[in-house]
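These notes concern the structure reproduced below.
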Amino acid sequence: MTTLTPRHAHPDVTDAASVPVASVGNAVDAIALETAHAAHNYHPLEVVVASGDGAWVTDVGGRRYLDCLAAYSAVNFGHSNPVLINAARAQLGRITLTSRAFYNDQLGPFVTALAELCGKDMVLPMNTGAEAVESGIKVARAWGYRVKGVAADQANIIVAAGNFHGRTTTIISFSDDESARSGFGPFTPGFRIVPFGNAAALEAAIDENTVAVLLEPIQGEAGIVVPPADYLPSAREITTRNNVLFIADEIQSGLGRTGATFACDLVGVVPDLYLLGKALGGGIVPVSAVVGNADILGVLQPGEHGSTFGGNPLAAAVGLAVVKMLATGEYQERARDLGARLHDGLTALVGHGVVEVRGAGLWAGIDIDPDLAPGRVVCEALMARGVLAKDTHGSTIRLAPPIVVSAEDVDWAVEQLRVVLEELSAS
C-alpha cells in the first residue's frame, strides 16, 4: 500500500480548554444566517466549517476535525487535493462553460478516459447524482420501447426496498422513506419495489414490460447495507436471461470507496449501466454520468435529453483528473487496506455499545445499541472530540473518511468512538 504522510496531527481532545474555539458571534451568526435564509431541508451538526486539507477540516474558530463523512463520498480524494485543485485552476483561466451547443476541448478526453475506466464505450455527462439516476431511467425506458419492443407507456423498472437514489419527484416515487415521500404526491408510476438482497423476489417481479433493475450494490443511506455475496451475481444472471437492463447506482459506492473501482467489482459483476457522481467531481464541482455501451446509450437522439452545465469544460477537466488518479489503482488499494483496519477496530466494539458493523473498504455502517443513545447523540459526542460523522435511521452512524486518511487517523477515530460509547454507558 502506498504510504501518504498525513498533513495534520490529531487535535488534542484531552485538553479541550486549550483548543481554540470560534467566537460566539462568528459561529452563532453563521448558523443564524443559514437558518434564517436557507430552506430547512437539512439538520446539520452545529459545526461551521471554514477550510479543509486532506482528511481534516477546520471550523471558523480554528478547531480541527477529522472528516469521517467526506461529503457522502464526494470528497474521496481529500479536501483541497492539489492534483484536482491544479486541474480546476488551469481550466478556470481558460473557459468554464460552453453548453453542449458547441464542442469543447475537455469533454472528449474526459468521456474517453471514463468509458475506459468503466470498460464501456459511451458516457452521458450530467451534474448531480440525482440527474444521473433520472437520466438512467429515461435511457432504460427508451431502450425498452425502441429495442426491446415494450408497448408505449407500459415500461416498469424494479427497485429495492430501502433504496436511496435521490430526492427528485420521480425518485421519491419509488422510495419507501416516508420522510422523503410524505406530502409530495402524486407519484410517478412505473416502479416495483422488492426486498433488497432477495434475488427470488426480484425475478418474480419481472414481466414482459420490465425494462430495468436499478440497484445500489451497497445501500448507503439505509446504513451501509451489504447484500449476500451471491445477490448481485444472481441479479446479473436474472436480468441477462430476461432481457432486462441491470443498472448499478455507484454514486456513493463507486470510485474507490469500497476498495475497488466499483462495488460491483467486489463480486465480479458488470452492469449494463453505471450511474456515477459525487467523487467524480473531486469535491470541487458537481459531475455525474451514465456510462454504458452504445447499444443502450445510443438510443438517445439529439434534443431528447440534455443539461446546460452537463459536460462543461471545468467539470470535464476535474473529472479527467479524477479518472487518471483512479486509473493508477492507488486509491482503491488504500481504501481496501485501511478499510480492513477500520473494520477490525469497529468490530472490536461490538458488545460494547455497538450492535453490528457493516460495510466494505473505507465505508462503515455502525448500529449503536438503541438503549444507549440515538445516532445523532453519538455524532454530537464525536464532534466534541474532533470527529465528524453522520447518523441515519435512528441509532445507526456512518463513517466514510477520505481515502487519503492515514492509518493513525483511522485508529484515532475508532478510539474516539470507543471513548464516546464508554462515556455514554457510564452516564
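The values are calculated or read from the model by the stated rules, or taken from the named source; none is laboratory data. As the structure is a computational prediction, the values presented were derived from the model and not from experiment. For neighbour counting, all protein chains shown are included, and Cβ atoms are generated from backbone atoms with ideal geometry for every residue, glycine included. The area values use the complete protein model at the heavy-atom level, side chains included, leaving out ligands, DNA and RNA. Shrake-Rupley method; radii C 1.70, N 1.55, O 1.52, S 1.80 Å.
List the residue pairs whose Cβ atoms are under 8 Å apart, where the first residue sits in segment 293-307 and is of a type in the set (Gly, Ala, Ser), the second is assigned to a loop (DSSP other than H, G, I, E, B), and the two are 6 or more positions apart or on different chains. Pairs found: 294/121; 306/100; 307/100; 307/127. Cβ-Cβ distances below 6 Å connect the following pairs, each with a first residue in segment 110-125 that is small (Gly, Ala, Ser), a second residue that is open to solvent by 60 Å² or more (accessible area, probe 1.4 Å), and a separation of six or more residues or different chains: 115/121. Each residue in segment 361-376 was checked for being farther than 19 Å from residue 351 by Cα, among the hydrophobic types (A, V, I, L, M, F, W, C) and surrounded by fewer than 20 Cβ atoms within 10 Å (Cβ to Cβ), and 0 of them qualify. Summed over segment 240-281, the residues that are closer than 20 Å to residue 206 by Cβ, among the polar types (S, T, N, Q) and touching a helix residue (DSSP H, G or I) at 6+ places or on another chain (Cβ under 9 Å) give a count of 2.
Among the candidates 318, 299, 322, the residue that is among the β-branched types (Val, Ile, Thr), in a helix (DSSP H, G or I) and either touching a strand residue (DSSP E or B) at 6+ places or on another chain (Cβ under 7 Å) or more than 27 Å from residue 410 (Cα to Cα) (or both) is uniquely 318. One residue alone among 316, 279, 294 is open to solvent by 10 Å² or more (accessible area, probe 1.4 Å) and either not small (Gly, Ala, Ser) or not assigned by the TED database to the domain that holds residue 394 (or both), and that residue is 294.
The single condition among (1) surrounded by fewer than 18 Cβ atoms within 10 Å (Cβ to Cβ); (2) modelled with pLDDT of 95 or more; (3) not hydrophobic (A, V, I, L, M, F, W, C) that residue 336 does not meet is (1). Regarding residue 134, is this residue closer than 20 Å to residue 260 by Cα and outside any loop (DSSP other than H, G, I, E, B)? It is false that residue 134 is closer than 20 Å to residue 260 by Cα and outside any loop (DSSP other than H, G, I, E, B). Restricting attention to segment 398-413, does a residue exist that is over 22 Å from residue 76 (Cβ atoms) and in contact with a Pro (Cβ under 9 Å, 6 or more places away or on another chain)? No, because not a single residue in segment 398-413 is over 22 Å from residue 76 (Cβ atoms) and in contact with a Pro (Cβ under 9 Å, 6 or more places away or on another chain).
In this entry, residue 83 is excluded by the filter for residues that are open to solvent by 20 Å² or more (accessible area, probe 1.4 Å) and without any contact (Cβ under 8 Å) to a residue 60 or more places away in the chain.
Condition check ((1) touching a Phe, Trp or Tyr at 6+ places or on another chain (Cβ under 7 Å); (2) of a type in the set (A, V, I, L, M, F, W, C); (3) under 18 Å from residue 312 (Cβ atoms); (4) not in a loop (DSSP other than H, G, I, E, B)) across all residues:
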| residue | (1), (2), (3), (4) |
| --- | --- |
| 32 | no, yes, no, yes |
| 35 | no, no, no, yes |
| 39 | no, yes, no, no |
| 61 | no, no, no, no |
| 84 | yes, yes, yes, yes |
| 89 | no, no, yes, yes |
| 97 | yes, yes, yes, no |
| 103 | no, no, yes, no |
| 114 | no, yes, yes, yes |
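Applying the condition of being part of a helix (DSSP H, G or I) and either without any contact (Cβ under 8 Å) to a residue 60 or more places away in the chain or not hydrophobic (A, V, I, L, M, F, W, C) (or both) to segment 251-279 and asking which residue is nearest to residue 404 (Cα to Cα) yields 278. The C-beta contact set for segment 154-179 (first residue at positive phi, second residue in a strand (DSSP E or B), distance under 6 angstrom, 6+ apart or interchain) comprises 162/219. Picking from residues in segment 346-359 that are out of contact with any Asp or Glu (no Cβ under 6 Å at 6 or more places or on another chain) and open to solvent by 20 Å² or more (accessible area, probe 1.4 Å), the one that is nearest to residue 82 (Cα to Cα) is 359. Per the conditions (1) at pLDDT 95 or above; (2) open to solvent by 20 Å² or more (accessible area, probe 1.4 Å); (3) on the phi < 0 side of the Ramachandran plot, the sole criterion not satisfied by residue 190 is (3). Is it true that residue 323 is open to solvent by less than 10 Å² (accessible area, probe 1.4 Å), at pLDDT 95 or above and more than 30 Å from residue 286 (Cα to Cα)? It is false that residue 323 is open to solvent by less than 10 Å² (accessible area, probe 1.4 Å), at pLDDT 95 or above and more than 30 Å from residue 286 (Cα to Cα). For segment 214-221, does any single residue satisfy the condition of being among the hydrophobic types (A, V, I, L, M, F, W, C) and in contact with a Cys (Cβ under 9 Å, 6 or more places away or on another chain)? No, segment 214-221 has no match at all. Can you work out which of the residues in segment 140-161 that are in contact with a strand residue (DSSP E or B) (Cβ under 6 Å, 6 or more places away or on another chain) and buried (at least 24 other Cβ atoms within 10 Å of the Cβ) is farthest from residue 252 (Cα to Cα)? Once the filter is applied, the top-ranked residue is 144.
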